[in-house]
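Chemist: Have a look at the structure that comes next, please.
We did not get these values from a lab; they are worked out from the coordinates using the rules stated. Keep in mind that this is a model prediction, so the values were computed, not measured. Cβ placement follows ideal geometry from the backbone for every residue including glycine, while neighbour counts extend to all protein chains displayed.
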Amino acid sequence: MNRVQKIAWSFVITISVAFLLSCIAIAILYFKVGMPKALAGLGFMGIAGLGGFSPLIFQTDKGKVALDERDSLINRRAALAGFGTSYLLVGLACMIPFFILGPKASISVIWLPYIFGVAGLGMFFVHSVAILVQYGRRNKGEKS
């Protein structure tokens, strides 16, 4: 497993754990204190930020080639998938309220950071999953 795969696994795990813990916390807090205060469970999404330390944890090996042409192509395709997902999420966040509430309705700007965060997490998650899918799930003669 190469460095890029290790970083991708780290992002998938941290984002998934953060999302699951947030959903569980919101569900529990909803029944205890009600909905506005239940959104405090979104604080667990901060765990996803730990994935940002992955490039520091999985450093490049000295004397080895960091990326070849295949790795660059895989990263480029994964980045396109991630950015496409981000664009799709922002588009859906803009158009769904338009069709549900109508063209004369207004939405509070408090939702903008949420849209930005969801789009960013979606981009990182899909980028990481696309990397893992393109490399395959098994080691094919690679040494870690």
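Chemist: Counting only helical runs of four or more DSSP H residues, what would the 222 nm mean residue ellipticity of the chain come to if each run contributes -39,500 (n - 2.57) and the total is spread over all its residues?
Modeler: For the chain, the value works out to -23000 deg cm²/dmol.
Chemist: Per residue of segment 123-129, what does 6.51 cos²θ - 1.76 cosθ + 1.60 with θ = phi - 60° give for ³J(HN,Hα)? Whole Hz please, x for Gly and Pro, Karplus curve as stated.
Modeler: Karplus values, whole Hz, x for Gly and Pro: 5, 5, 5, 5, 4, 5, 5.
Chemist: Let me ask something else. Starting at the first residue of segment 92-103, write each ³J(HN,Hα) from the Karplus equation 6.51 cos²θ - 1.76 cosθ + 1.60 with θ = phi - 60°, in whole Hz, x for Gly and Pro.
Modeler: So the Karplus estimates, Gly and Pro as x, are 5, 5, 8, 8, 4, x, 4, 6, 7, 8, x, x Hz.
Chemist: Could I ask something else about it? Could you go through segment 45-50 in sequence order and give the Karplus-derived ³J(HN,Hα) for each residue, using 6.51 cos²θ - 1.76 cosθ + 1.60 with θ = phi - 60°, rounded to whole Hz, and x for Gly and Pro?
Modeler: Ordered by residue, 3J(HN,Hα) equals 5, x, 4, 4, x, 5 Hz.
Chemist: Using a basic spin-label model with each label point 7 Å from the Cα along Cα→Cβ, how many nm lie between residue 92 and residue 65?
Modeler: It works out to 3.9 nm between the two label points.
Chemist: Once amide H atoms are placed 1.01 Å from N in the peptide plane, what residues at a sequence separation of 5 or more from residue 58, or on another chain, have their amide H within under 5 Å of its amide H?
Modeler: Long-range HN contacts for residue 58: none found.
Chemist: Let me ask you something else. Taking only pairs that are 8 or more places apart or on different chains, how many Lys pairs in the chain have Cα atoms under 28 angstrom apart?
Modeler: Taking the chain as the scope, the lysine pair count is 8.
Chemist: From the C-alpha gyration tensor of segment 1-60, pull out the three semi-axes of the equivalent ellipsoid (sqrt of 5λ each), sorted largest to smallest, in whole Å.
Modeler: 31, 9, 5
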